[in-house]
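Student: I am attaching a structure below and will ask some questions about it afterwards.
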């Protein structure tokens, strides 16, 4: 059986700021952004690769489900795996744009064994792990320059 991640959902307070982060910093393509801005769909997404998107749920979609500020959940973290050369290019872009690297580069275990990871946060403090594997040039993410 081969299983692909279809999507993850982040609860966000500022959709536009999150879209800017994921499109400018990480180079992902926006999905349904203009439809969201026009009020025709309830949320936009950003595309990681042909099989995987990140949905950005505005507060109107999740606030009623939670009880108080302390119970707000986003996600612990998610990991993006890229080729080594893309990792180096993204690392440089992240630093150039002033995004703080919290941890790394460090060795971490993942779906394809041990890889080299860095950890940083998006504007709403969602933790992102960016990794490459020494022996894997498949690079599942689609990143724009």
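Student: Quick one: would you say residue 53 is in contact (Cβ under 8 Å) with a residue 60 or more places away in the chain, closer than 20 Å to residue 7 by Cβ, buried (at least 20 other Cβ atoms within 10 Å of the Cβ) and in contact with a strand residue (DSSP E or B) (Cβ under 7 Å, 6 or more places away or on another chain)?
Tutor: On the way: in contact (Cβ under 8 Å) with a residue 60 or more places away in the chain: no; closer than 20 Å to residue 7 by Cβ: yes; buried (at least 20 other Cβ atoms within 10 Å of the Cβ): yes; in contact with a strand residue (DSSP E or B) (Cβ under 7 Å, 6 or more places away or on another chain): yes.
Spelling it out, it is not the case that residue 53 is in contact (Cβ under 8 Å) with a residue 60 or more places away in the chain, closer than 20 Å to residue 7 by Cβ, buried (at least 20 other Cβ atoms within 10 Å of the Cβ) and in contact with a strand residue (DSSP E or B) (Cβ under 7 Å, 6 or more places away or on another chain).
Student: Only one of 112, 76 is at pLDDT below 90 and either touching a helix residue (DSSP H, G or I) at 6+ places or on another chain (Cβ under 7 Å) or surrounded by 13 or more Cβ atoms within 10 Å (Cβ to Cβ) (or both); which?
Tutor: Numbers: 76 fails: either touching a helix residue (DSSP H, G or I) at 6+ places or on another chain (Cβ under 7 Å) or surrounded by 13 or more Cβ atoms within 10 Å (Cβ to Cβ) (or both).
Sole residue among the options that is at pLDDT below 90 and either touching a helix residue (DSSP H, G or I) at 6+ places or on another chain (Cβ under 7 Å) or surrounded by 13 or more Cβ atoms within 10 Å (Cβ to Cβ) (or both): 112.
Student: Moving to a separate point now. Do the conditions hold for residue 98, that is, is it modelled with pLDDT under 95 and on the phi > 0 side of the Ramachandran plot? Outline the logic, then answer.
Tutor: Working: modelled with pLDDT under 95: no; on the phi > 0 side of the Ramachandran plot: yes.
For residue 98, the condition - modelled with pLDDT under 95 and on the phi > 0 side of the Ramachandran plot - is not met.
Student: Please go through region 11-50 and pick out each residue that is in contact (Cβ under 8 Å) with a residue 60 or more places away in the chain, part of a strand (DSSP E or B) and either out of contact with any helix residue (DSSP H, G or I) (no Cβ under 7 Å at 6 or more places or on another chain) or closer than 21 Å to residue 89 by Cα (or both).
Tutor: Across region 11-50, the qualifying residues are 29, 47, 48, 49.
Student: Of everything in region 124-145 that's under 19 Å from residue 31 (Cβ atoms) and at pLDDT 85 or above, which residue is surrounded by the most Cβ atoms within 10 Å (Cβ to Cβ)?
Tutor: Applying the filter and picking the extreme gives 128.
Student: Further, regarding this structure: Name the residues in region 9-23 that are within 12 Å of the chain's Cα centre (by Cα) and at pLDDT 90 or above, would you? Working first, answer last.
Tutor: Residues of region 9-23 within 12 Å of the chain's Cα centre (by Cα): 9-10, 18-23.
Within region 9-23, 10, 18, 19, 20, 21, 22, 23 qualify.
Student: For residue 92, work out the one condition from (1) under 16 Å from the mean Cα position of the chain (by Cα); (2) in a helix (DSSP H, G or I) it doesn't fulfil.
Tutor: The number of the failed condition is (1).
The values are calculated or read from the model by the stated rules, or taken from the named source; none is laboratory data. Note that the coordinates shown come from a computational prediction; the quantities given were computed from them, not determined experimentally. So basically every Cβ, Gly included, is an ideal-geometry build from the backbone, and we count neighbours across all protein chains shown.
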